Amino acid sequence: MYMAANRYGYDYTCLNGTRPDAEYCPIAEVPFRGVNCTDAAGHERPYADIMAQLGQHNHSSPLRWDTSTQSPYFNYIAADGHTVHQQWYDSPDSLGMKYRLAADKGLQGVGFYATPMLDPFGNATSPPNPHGPAEAAEMWAAVRRNFLLNTTSSNGSGAATSQLEQVDGWTPVRQTPQQEELMAKLEPKAAAASETATPAVLELLGSSDFKAGLESCCPSIAQHSPAELLALLEAEVAVAELTHNFAPVNSPHTWENDIRCES
């Protein structure tokens, strides 16, 4: 079992008459499949956009902390000059609590939606946020501190060891001999296939149709170059591999049986 974590926040439009610094933000009742739903009443905003807004001190209330959800939120005034919005999101601190809970409960990993909502290159927002790369790095550091360093596994001698060594870099969970054999067999083929496919992938990422799709779904990364988009994808895949943990045992649900690796 894995825990999903968000790298976005929810922006809610408060009803008319809400004070700019109000702690409570009444929202419209918006039905979704017959039931009023807060998701339908708000909209997602990338973490990078939220941080850029806070960096510009564009908020009309103090930055508050909700004890029930263990997450921060704040109010701001929309561009029309009078409509109050309330912005909820997760920070490295709030996510750290959730990562520690996942580690304490023995979950196999944590996953994110979505890495492109961070700002590792400092150019995901307009105007650019000079603190974007540091803020993105801190989001990754929260995973390392609170999940990877708190997750234990057998080292083969029966002793429990951290998945991360207390040095720069880390040691992955031990693989079974079957996993090691399969990875050794497939790694050269995968590397060659990746190198062969890279030009076509870059061409796709730079195509007008792909850029138009990004403008529609993910405007915060739409201006990235094909190489930057590929780097984001590679980073997300690499972290997905690092932050999950295939059980090093033979059972009907082992890695070899759950994932089909065709040669």
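The values are calculated or read from the model by the stated rules, or taken from the named source; none is laboratory data. These figures come from a predicted structure and were not determined experimentally. Reconstructed Cβ throughout: ideal geometry from the backbone, glycine too, with neighbour counts over all protein chains shown.
State which residue pairs qualify: first residue within 13 Å of residue 95 (Cβ to Cβ) and inside the stretch 133-144, second residue surrounded by fewer than 16 Cβ atoms within 10 Å (Cβ to Cβ) and among the charged types (D, E, K, R) in any location, beta carbons under 8 Å apart, and separation of 6 or more residues or different chains.
Short answer, once both residue conditions are applied: 142/93.
Would the stretch 64-80 turn up any residue that is crowded, with 19+ Cβ neighbours inside 10 Å, under 20 Å from residue 140 (Cα atoms) and not polar (S, T, N, Q)?
yes
Output the residue which, of all residues in the stretch 13-49 that are in a strand (DSSP E or B) and in contact with a helix residue (DSSP H, G or I) (Cβ under 6 Å, 6 or more places away or on another chain), is modelled with the lowest pLDDT. Reasoning before the result, please.
As a first pass, look at the stretch 13-49 and keep what is in a strand (DSSP E or B): 13, 31-32, 35-36, 42-46.
Next, only the ones that are in contact with a helix residue (DSSP H, G or I) (Cβ under 6 Å, 6 or more places away or on another chain) stay: 32, 46.
Details: 32: 78, 46: 94.
Restricting to residues being in a strand (DSSP E or B) and in contact with a helix residue (DSSP H, G or I) (Cβ under 6 Å, 6 or more places away or on another chain), the top hit is 32.
Pairs, please: C-beta under 8 Å, at least 6 apart or cross-chain, first residue closer than 11 Å to residue 145 by Cβ and in the stretch 83-105, second basic (Lys, Arg) and crowded, with 19+ Cβ neighbours inside 10 Å?
That search, which allows pairs on different chains as well, returns nothing.
Considering only the stretch 178-195, state which residues are over 28 Å from the mean Cα position of the chain (by Cα) and exposed (fewer than 10 other Cβ atoms within 10 Å of the Cβ).
Those that are over 28 Å from the mean Cα position of the chain (by Cα) and exposed (fewer than 10 other Cβ atoms within 10 Å of the Cβ): 184, 188.
Only one of (1) surrounded by 11 or more Cβ atoms within 10 Å (Cβ to Cβ); (2) among the polar types (S, T, N, Q); (3) modelled with pLDDT of 80 or more fails for residue 243. Which number is that?
Status for residue 243: all satisfied but (3).
Go through the residues of the stretch 119-128 one by one and say whether even a single one is surrounded by 22 or more Cβ atoms within 10 Å (Cβ to Cβ), more than 19 Å from residue 68 (Cβ to Cβ) and more than 13 Å from the chain's Cα centre (by Cα).
yes
Can you pull out every residue in the stretch 36-57 that is out of contact with any strand residue (DSSP E or B) (no Cβ under 6 Å at 6 or more places or on another chain) and either exposed (fewer than 14 other Cβ atoms within 10 Å of the Cβ) or free of Cβ contacts under 8 Å to residues at least 12 places away in the same chain (or both)?
36, 37, 38, 39, 56, 57
Would you tally the residues in the stretch 102-147 being out of contact with any Asp or Glu (no Cβ under 6 Å at 6 or more places or on another chain), in a helix (DSSP H, G or I), within 13 Å of residue 235 (Cα to Cα) and among the small types (Gly, Ala, Ser)?
The qualifying residues number 1.
Which number in (1) at pLDDT below 90; (2) crowded, with 20+ Cβ neighbours inside 10 Å; (3) in a loop (DSSP other than H, G, I, E, B) marks the one condition that residue 90 misses?
Looking at each condition in turn, residue 90 falls short on (1).
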